[in-house]
Amino acid sequence: MLTAWGAPKIAAPTSLKAPTPIEGTTGKYASPFTSDGVTAGWVTKSMQVKAAGQIGSMAGNYAGQKAMEQVPFVGGFLGKKAGEALGRQAALSAIGGEAFIRSSTDLSFNSLNDMALFMYVNYSSNPDYQKILDATYAIYPEFQTAYLPALQAASAGVQ
């Protein structure tokens, strides 16, 4: 188990079993990797756009929505959801839309947990893994909060 004091325990990728992705793009979430193990075109394009600063500048829209979260209870929930939706729309627009995402991969998932575990087990040793995660977070903002808990859940009971 990989751990630091107070940090969540995550098993090594080699000690976990990856879920099987859906062949094709009928799943809710497009895979960041193709069946031949390369980064999907949408991820590559997202990384290029981010490097060019286009997604980064769109993050300002998201930051504006975060201000709404300062309103107790409902405002915080609505601000987060609105910010995620705007951020995702901006990122989608920057890379060519949902159609481009679906056309540039041949695998998908119905669960963010499955996608997280699949990526971690199979690709976490990729030198660009963090950039790939960041590109995936831009398209699926909810993946960022689902990623670590999915790995923790999969690691429970693994020695």
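Can you tell me which residue within segment 71-94, out of those that are open to solvent by less than 30 Å² (accessible area, probe 1.4 Å) and under 15 Å from the mean Cα position of the chain (by Cα), is modelled with the highest pLDDT?
Only one residue fits best here, namely LEU92.
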If a residue must be within 21 Å of PRO149 (Cβ to Cβ) and open to solvent by 60 Å² or more (accessible area, probe 1.4 Å), how many such residues does segment 95-110 contain? 1
What pairs come up if the first residue lies in segment 129-143 and is among the small types (Gly, Ala, Ser), the second is at pLDDT 95 or above and open to solvent by less than 20 Å² (accessible area, probe 1.4 Å), and their beta carbons are under 8 Å apart, counting only those six or more places apart or on different chains? ALA135/PRO32
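Check THR44, THR14, THR20 and return the single one that is at negative phi, outside any helix (DSSP H, G or I) and at pLDDT 70 or above. Can you show your working first?
Numbers: THR44 fails: outside any helix (DSSP H, G or I); THR14 fails: outside any helix (DSSP H, G or I).
Going through THR44, THR14, THR20 in turn, the sole match is THR20.
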What number of residues within segment 111-126 are assigned to a helix (DSSP H, G or I) and open to solvent by less than 50 Å² (accessible area, probe 1.4 Å)? 9
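The values are calculated or read from the model by the stated rules, or taken from the named source; none is laboratory data. Just so we're clear, the structure is a prediction, and the values are computed from it rather than from any experiment. Positions of Cβ are backbone-derived with ideal geometry, glycine not excepted, and every protein chain shown enters the neighbour counts. Remember, those area values only see protein heavy atoms, side chains included, never the ligands or the DNA or RNA. Shrake-Rupley method; radii C 1.70, N 1.55, O 1.52, S 1.80 Å.
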